[in-house]
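Okay, structure first, notes after.
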């Protein structure tokens with residue numbers, strides 16, 4: 001389907017979706033009915049077949065299949081009564097859309113949550129031979145909210161005995177009632193093996209609370225964390241708790257918490273803490289505010305449960321500043337690439353690094369490799385206009401650079417600028433001229449991120465879908481995700497040095513559409 005790509009290297013001194021009316025409620029939708037080639041539709045990121053999507057939910061790996069559930073409103077392209085949409089994959093890249101898994105009921109909308117494999121059948125909802133998948137989610141009662149009550153959010157569960165194909169709600173929901181807190185939601189549940197109990201971390205207004213249970217049904221309060229620690233200024237949401245082994249072989253606990261607003265570049269973002277967890281309380285190593293992604297478009301991200309060999313993260317690729325107003329019609333929003341998380345111990349300071357999962361490599365193909373070149377003037381790479389939708393990756397290693405700009409543009413003058421400021425030790429993405437931006441007065445902006453690595457050489461990966469960039473610097477220690485809406489696909493790359501620039505390695509990859 002893709003045409004051949006011609007690359008011309010120069011030295012230069014300046015530089016419809018066919019609408020799906022069926023509401024996904026009784027049967028699997030036929031993906032052939034959806035035109036995934038419509039304008040601005042991501043080509044290798046997950047997006048819903050139609051209508052609204054936000055937070056990833058209930059991500060669980062079971063019998064070789066990755067399950068992705070997500071906040072979904074099947075009747076509009078803006079937020080409304082929340083359902084759990086559902087998709088599955090055997091490689092984290094190619095997705096099969098499934099029928100809606102969970103619908104609102106008499107207890108309220110189905111807000112965010114998680115899912116686990118109840119291997120020992122602690123809940124009694126399955127058997128040892130056929131352990132249940134159990135989803136834990138927030139009920140949001142809109143009538144209680146309208147009435148001015150403070151206990152309109154509670155926690156419920158549902159279970160599946162057929163590998164996630166269909167779900168039944170627990171007959172005695174809710175399993176955790178609200179003590180009178182307006183924001184009491186987004187449960188992430190893990191198995192704490194040393195004490196044979198389940199742990200729930202719950203977002204509670206401006207902090208998180210930990211609960212424990214032996215059966216996923218009866219829950220007891222353990223402790224609170226974060227009232228005076230971390231970034232504040234917005235509501236805490238979508239927590240996650242897991243253990244990682246760092247580069248020295250030491251295990252630490254990691255706590256993710258999203259916040260809206262209060263992100264480092266405006267709007268919503270996800271912070272993290274590292275420390276110790278003893279089954280009762282979380283004790284951080286330090287109180288430094290750290291972000292998993294400094295761009296404006298990675299929010300509410302959590303990790304898959306039941307994956308034993310790595311920790312895989314996925315985020316919602318948008319921002320509450322403008323999510324309901326972006327210029328798409330048939331669908332709204334996409335997810336980031338799934339990312340492997342690593343913990344880096346730098347003299348007692350702990351940093352999360354994020355890199356695309358290895359399965360992503362199966363849809364990219366190297367089309368150019370330059371091992372070393374010194375440039376003093378703009379270096380231009382033309383990507384032939386026949387390149388379908390402008391799907392590509394630029395990977396490069398630069399020797400101890402001064403200030404640097406990489407301009408990615410199209411024939412109409414839309415452009416994204418990615419840069420490095422040596423004196424400030426910062427990276428940035430400038431999307432002020434990236435394309436359509438009049439839907440929000442804060443969209444056209446420059447976003448900054450600190451350089452965390454201490455090596456002199458700068459390593460960068462710029463991964464472009466038709467309407468997004470994911471920027472991974474220094475093996476994922478600094479990450480930025482931004483969306484944009486160009487009039488035409490980007491087709492030219494300018495590498496612009498401040499002074500003499502030694503490019504030690506440069507690769508260009510073509511990326512295949514997953515649709």
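Observations
- Condition met for residue 268 (in the same structural domain as residue 55 (by TED's automatic domain parsing), at pLDDT 95 or above, within 24 Å of the chain's Cα centre (by Cα) and over 18 Å from residue 476 (Cα atoms)): yes
- Count of the range 306-330 residues which are in a strand (DSSP E or B) and surrounded by fewer than 23 Cβ atoms within 10 Å (Cβ to Cβ): 1
Residue-by-condition table, conditions (1) in a strand (DSSP E or B); (2) farther than 24 Å from residue 334 by Cα:
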| residue | (1), (2) |
| --- | --- |
| 418 | yes, no |
| 428 | yes, no |
| 440 | no, no |
| 449 | yes, no |
| 485 | no, no |
| 506 | yes, yes |
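- Residue match in the range 190-211 (condition: surrounded by 20 or more Cβ atoms within 10 Å (Cβ to Cβ) and either assigned to a loop (DSSP other than H, G, I, E, B) or not assigned by TED's automatic domain parsing to the domain that holds residue 305 (or both)): no
- Subset tally (residues that are in contact with a strand residue (DSSP E or B) (Cβ under 7 Å, 6 or more places away or on another chain) and assigned to a loop (DSSP other than H, G, I, E, B)) for the range 277-305: 13
- Matching residues in the range 242-276 - criterion: being closer than 16 Å to residue 311 by Cα and in a loop (DSSP other than H, G, I, E, B): 247, 249, 250
- Test for residue 359: is it modelled with pLDDT of 95 or more and closer than 30 Å to residue 273 by Cα: yes
- Taken over the range 457-483, the criterion of being within 22 Å of residue 39 (Cα to Cα), out of contact with any helix residue (DSSP H, G or I) (no Cβ under 7 Å at 6 or more places or on another chain) and not in a loop (DSSP other than H, G, I, E, B) is satisfied by 462, 463, 465, 468, 469, 470, 481, 482, 483.
- Taking the listed residues 174, 239, 179, 187, the one that is in the same structural domain as residue 70 (by TED's automatic domain parsing), at pLDDT 95 or above and over 24 Å from residue 305 (Cβ atoms) is 179, with no other qualifying.
- Residues in the range 172-189 that are part of a strand (DSSP E or B), within 27 Å of the chain's Cα centre (by Cα) and closer than 26 Å to residue 149 by Cα: 5 in all.
- Every test in (1) surrounded by fewer than 24 Cβ atoms within 10 Å (Cβ to Cβ); (2) closer than 18 Å to residue 222 by Cβ is passed by residue 155 save one, and that test is (1).
The values are calculated or read from the model by the stated rules, or taken from the named source; none is laboratory data. In this text the structure is predicted, and so the values were computed from the model without any measurement. Ideal geometry is used to build each Cβ from the backbone, glycine not excepted, and the neighbour counts take in all protein chains shown.
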